[in-house]
Amino acid sequence: MDHVQRPLPQPTRVTQPYWDAAKEGRLVIQQCGCCKTRQFYPREFCTACLSDSIEWIESAGQGPVYTYTVNRRPSNAALSEKVPYVVAMID
């Protein structure tokens, strides 16, 4: 079986700050400059108040786990050597 290369993310103008921080080993999320709501995945506006005053803040790296799953089947061929892996929702 040929080795399948893992697809790389294609940063956009909106997501570029996230990927730049990831290259440095940092996890950043967006925070609204108006209502202070935090959100992830990156968007151009606040999902709570629709403001476009979005800031990037560094995550503390910890929080309550709401749910998780252990993936034992790869979602695509490139992840076949990565299973099992965990996907979690964390506040």
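Can LYS82 be described as in contact with a Pro (Cβ under 8 Å, 6 or more places away or on another chain), charged (D, E, K, R) and open to solvent by 90 Å² or more (accessible area, probe 1.4 Å)? If you could, list the steps in order and put the result at the bottom.
Numbers: in contact with a Pro (Cβ under 8 Å, 6 or more places away or on another chain): yes; charged (D, E, K, R): yes; open to solvent by 90 Å² or more (accessible area, probe 1.4 Å): yes.
Answer is yes for this residue.
Look at ILE90 and say whether it is out of contact with any His (no Cβ under 8 Å at 6 or more places or on another chain), at pLDDT 95 or above and surrounded by 10 or more Cβ atoms within 10 Å (Cβ to Cβ). Show your work before the answer.
Details: out of contact with any His (no Cβ under 8 Å at 6 or more places or on another chain): yes; at pLDDT 95 or above: no; surrounded by 10 or more Cβ atoms within 10 Å (Cβ to Cβ): yes.
Judged against the criteria, ILE90 is not a match.
Could you tell me which residue of region 20-33 is farthest from the chain's Cα centre (by Cα), considering only residues that are over 14 Å from SER59 (Cα atoms) and exposed (fewer than 15 other Cβ atoms within 10 Å of the Cβ)?
First, pick out the residues of region 20-33 that are over 14 Å from SER59 (Cα atoms): 20, 23, 32-33.
Filter once more, so that each one left must be exposed (fewer than 15 other Cβ atoms within 10 Å of the Cβ): 20, 23, 33.
Details: ASP20: 12, LYS23: 13, GLY33: 20 Å.
By that ranking, first place goes to GLY33.
What's the number of the only condition in (1) under 19 Å from the mean Cα position of the chain (by Cα); (2) free of Cβ contacts under 8 Å to residues at least 24 places away in the same chain; (3) open to solvent by 100 Å² or more (accessible area, probe 1.4 Å) that ALA48 fails to meet?
(3)
Starting from region 24-36, take each residue that is within 15 Å of VAL14 (Cα to Cα) and list its partners that are modelled with pLDDT under 95 and part of a loop (DSSP other than H, G, I, E, B), counting only C-beta distances under 7 angstrom and pairs at least six apart or across chains.
Correct list of pairs: VAL28/SER59; ILE29/PHE40; ILE29/SER59; GLN30/PHE40.
The values are calculated or read from the model by the stated rules, or taken from the named source; none is laboratory data. These numbers come from a predicted model, not from an experiment. Cβ coordinates were reconstructed from backbone atoms using ideal geometry, including for glycine residues, and neighbour counts include every protein chain displayed. Just the protein is used for accessible areas: all its heavy atoms, side chains included, with ligands, DNA and RNA removed. Shrake-Rupley method; radii C 1.70, N 1.55, O 1.52, S 1.80 Å.
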